[in-house]
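These notes concern the structure reproduced below.
The values are calculated or read from the model by the stated rules, or taken from the named source; none is laboratory data. Here the structure is a predicted model, which is why all the values come from computation and not from measurement. FYI the Cβ positions are ideal-geometry reconstructions off the backbone, even for glycines, and counts take in every protein chain you see.
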């Protein structure tokens, strides 16, 4: 069996396992606190959703591509079962495309291709959260953007990164680093294409449904920290959390841009996303999926650290779900809080180790120039 075919088969199995967990929770064959997923949350399993156009007739908390994906799954499926099956099929296809593209990137960057298996395909987060929310869409688009960037197809890269932004906001974090690694002319073109792509997608809804369209972004500004976020432990009000999280993100992010711009794109992308997850007021458990491609492509990431993060994240997810849906006993809340802190500490270590190891590599390369 060829490597690419093996990857397709394995991702199909993993995605099916993820779907099975969620679907069994939906139909009640396993408790909801074990089978919970956003895909089958009560506000997503209403057939009426297919009768209202997103961003014109009803607001959605997700950007345009994800919102219309949910709408189309209902439109194509015609029923709850159809919606479930079509969601599984398309999210599986997206996960496979991401995996195959990562495989090609490993060859292009001369990275061991076995990392695809340990840090993406067999990642506990893909097994549990592949069909949980719709983050795989943005992950695929981001991987494609990185792939085209390394192939010097900057227009393609800008388009896919903009599409990623309109599926989930995090891909925009990578844009400044891409621009810094091009000349001025290429950078202006990339940035223009990025903006034009996003404008094309959103302009109709801005013109004809602005009051509904803007709710997506107002929602996130007004939203309180989720209960398994590090900020939920502080009891600060939402306005204060918004201000602090922005400052705590922007200051180090600007340091990355201005003082670490010579680092490779993979290291900078991994560092910026990890930084965002550490300080952001919302940390849903599937957000770990955002990091998987960069874990696979970063040779500084060890399996021990990676699976420590995955373990902490799963403990947070299941203890929080149990506390919400099964028992309000304080012990489950305490376990969730403890491992929320552990997860953040592991991410801080990852951020530190990526930058320090990359700096060590840079220093070693510079010393070799004088030998």
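Results for (1) at pLDDT 95 or above; (2) surrounded by fewer than 22 Cβ atoms within 10 Å (Cβ to Cβ); (3) out of contact with any helix residue (DSSP H, G or I) (no Cβ under 6 Å at 6 or more places or on another chain); (4) on the phi < 0 side of the Ramachandran plot, shown as yes or no for each residue.
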{"position": "54", "(1), (2), (3), (4)": "no, no, no, yes"}
{"position": "64", "(1), (2), (3), (4)": "yes, yes, no, yes"}
{"position": "75", "(1), (2), (3), (4)": "no, yes, no, yes"}
{"position": "79", "(1), (2), (3), (4)": "no, yes, yes, yes"}
{"position": "87", "(1), (2), (3), (4)": "yes, no, no, yes"}
{"position": "103", "(1), (2), (3), (4)": "yes, yes, no, yes"}
{"position": "112", "(1), (2), (3), (4)": "no, yes, yes, yes"}
{"position": "122", "(1), (2), (3), (4)": "yes, yes, yes, yes"}
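Can we say residue 10 is in a helix (DSSP H, G or I), out of contact with any strand residue (DSSP E or B) (no Cβ under 8 Å at 6 or more places or on another chain) and free of Cβ contacts under 8 Å to residues at least 40 places away in the same chain?
Spelling it out, it is not the case that residue 10 is in a helix (DSSP H, G or I), out of contact with any strand residue (DSSP E or B) (no Cβ under 8 Å at 6 or more places or on another chain) and free of Cβ contacts under 8 Å to residues at least 40 places away in the same chain.
In the stretch 324-354, what count of residues is obtained for those that are in contact (Cβ under 8 Å) with a residue 40 or more places away in the chain and either on the phi > 0 side of the Ramachandran plot or more than 17 Å from the chain's Cα centre (by Cα) (or both)?
Looking only at that region, the number is 12.
Pick out the one residue from 288, 266 that is under 29 Å from residue 224 (Cα atoms) and either surrounded by 23 or more Cβ atoms within 10 Å (Cβ to Cβ) or out of contact with any strand residue (DSSP E or B) (no Cβ under 6 Å at 6 or more places or on another chain) (or both).
Of 288, 266, the one residue that is under 29 Å from residue 224 (Cα atoms) and either surrounded by 23 or more Cβ atoms within 10 Å (Cβ to Cβ) or out of contact with any strand residue (DSSP E or B) (no Cβ under 6 Å at 6 or more places or on another chain) (or both) is 288.
For the stretch 325-337, enumerate the residues that are assigned to a helix (DSSP H, G or I) and either surrounded by fewer than 13 Cβ atoms within 10 Å (Cβ to Cβ) or out of contact with any helix residue (DSSP H, G or I) (no Cβ under 7 Å at 6 or more places or on another chain) (or both).
Within the stretch 325-337, 330, 331, 334 qualify.
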